[in-house]
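Asker: Provided herewith is a single structure, encoded as structure tokens, for subsequent inquiry.
Read-outs: derived from the displayed coordinates by stated rules, not from any lab. Because the structure is predicted, anything quoted here is derived from the model rather than measured. Cβ sites come from the backbone with ideal geometry, for glycine too, and all protein chains shown count toward neighbours.
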Amino acid sequence: MKTLWWYFVRCVIKSSLFFYTKRISVHGKVYVPKKGAVLFMVNHPNGLLDPLVVAVNNPRILHFLVQAAIFKNPTIKKILGTLNLMPVYRIRDGIRKLDQNQAIFEKCFSIFKSNGALMIFPEASHDRRRTIRPLSKGFTRIVFGALEKYPELKIQIVPVGVTYQNSSVFPSNVVLNYGQPILANSYHSPENQAIKTRELKALISDQLKELSVHIPADEHYQFTLSNLNKANVDFTNIQEVYRVMKTGIIKKKKRPQNFVAFVKQIISLNSSIPWIIWKYVNTKIYEVEFIDTFRFSINTITFPLFYGIQSVLVSHFFGWTVAGFYFLGSLILVLIYSKLHPTPTEQY
């Protein structure tokens, strides 16, 4: 039953992302092990949208380690538990809370023992900047802890790069790149573990820098980003971005003309209540990394619900056939806007 629930929610989210994004490109799926214990390690630029994008474009049933803060509400905690989400506690959650991580790690060991798949964000926090930040060593505690408890176990680590054209503007292009699997057992050496851990972290970090756009977070960061913006690059074309960064040659592309701007006005009029709800919630968001998270959540719930209610009202006056065409037409308008609206280059 839990598996059916997982696939049902996965289908709903994937359908919603199809309407919400302009394009999601997935590369390297061949590197995803079809069976066996796997740890997917993902960069984290865009709040809770990152795990959703990976989960619906991954053939494995995933278990997630996410920030403990979202588990404060008991009802939400129960719902998230049915979707394989588990809290991980950090110092900001309180020193006493850190002791609860051991129980979570034990669950992770059991997942690996059952040849399951786990997804974590080794940078330990989200950050919209196009930089792969230093990886925390928490994942090594999980991987090496599992290998110590189950010496016969084989664990593959798969780095995953997620890159958005503009993570706070709707609609946005997204690219998901799976890297080559790394056998964690090769880096498990109790006699020389500190060195092996550094080697493993460096290898994963290097892969993540190739699988996503990485601009070093130094004094040249803003200058480099500004040049890429001037070139109007497609950030989801990783190789092209690195070519511009390496050569410094800027071939400025003409920004595409927006032929569907009027569609936004129609959608706004036809979706007044969801639009008002989003505008209100948007004023309460203080981290840019959570804009997509809340907008996607609100859109997924309110738009179909509102269109459904309006369709019932339409049916009372014009019948169910007209109501059905109205409902489908409303969805098609959103689809036209999300797929044909030009995605702007980021400006931050």
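Asker: Given the -39500 (n - 2.57) contribution per DSSP H run of 4+ residues, what per-residue ellipticity at 222 nm results for the chain, rounded to the nearest 500 deg cm²/dmol?
Answerer: My calculation for the chain gives -15500 deg cm²/dmol from helical runs alone.
Asker: Top mean-square fluctuation among 334, 143, 175, Gaussian network model of the chain, C-alpha springs under 10 Å?
Answerer: Among 334, 143, 175, the largest GNM mean-square fluctuation belongs to 334.
Asker: Select one label from (i) 40; (ii) 60; (iii) 46: the one whose number is percent of Cα pairs over 29 Å apart as derived from the coordinates shown.
Answerer: So the structure-derived entry is (iii).
Asker: Of 29/154; 78/107; 209/246; 113/137; 34/201, which pairs sit farther than 18 Å apart, going by alpha carbon to alpha carbon?
Answerer: 29/154; 113/137; 34/201
Asker: Also, quick follow-up: List the trypsin sites (Lys or Arg not before Pro) in region 255-313 that DSSP assigns to loop (not H, G, I, E or B) and whose Cβ has at most 14 other Cβ atoms within 10 Å. Which are they?
Answerer: Counting only loop positions with at most 14 other Cβ atoms within 10 Å, the trypsin sites (Lys or Arg not before Pro) in region 255-313 are 284.
Asker: Oh, and also: Mind pulling the angle between the C-alpha long axis of helix 101-113 and the longest principal axis of the chain? Nearest 10 degrees, somewhere in 0 to 90.
Answerer: That helix lies at roughly 90 degrees to the long axis.
Asker: Could you order peptides 126-133, 45-52, 227-234 by the average number of other Cβ atoms within 10 Å of their residues, highest first?
Answerer: 45-52, 126-133, 227-234
Asker: For 157, 61, what ranking results if the residue with the fewest other Cβ atoms within 10 Å of its Cβ goes first?
Answerer: 61, 157
Asker: Considering only 215, 277, 182, give the residue with the highest GNM mean-square fluctuation for the chain, with springs between Cα atoms whenever their separation is below 10 Å.
Answerer: Its mean-square fluctuation being the largest, the pick is 277.
Asker: Oh, and also: Taking the Cα centre of the chain as origin, sum charge times position over the Cβ atoms of Lys and Arg (+1) and Asp and Glu (-1), and report the length of that vector in debye to the nearest 20.
Answerer: 320 debye
Asker: Next question. If a paramagnetic tag sat 7 Å from the Cα of residue 336 along the Cα-Cβ line, which residues of region 147-184 would have the backbone N under 20 Å from that point?
Answerer: Those under the cut-off are 170-172.
Asker: Now, a different point. Can you compute the modelled spin-label distance between residue 9 and residue 246, with each label point 7 Å from Cα toward Cβ, in nm?
Answerer: The answer from the label model is 4.2 nm.
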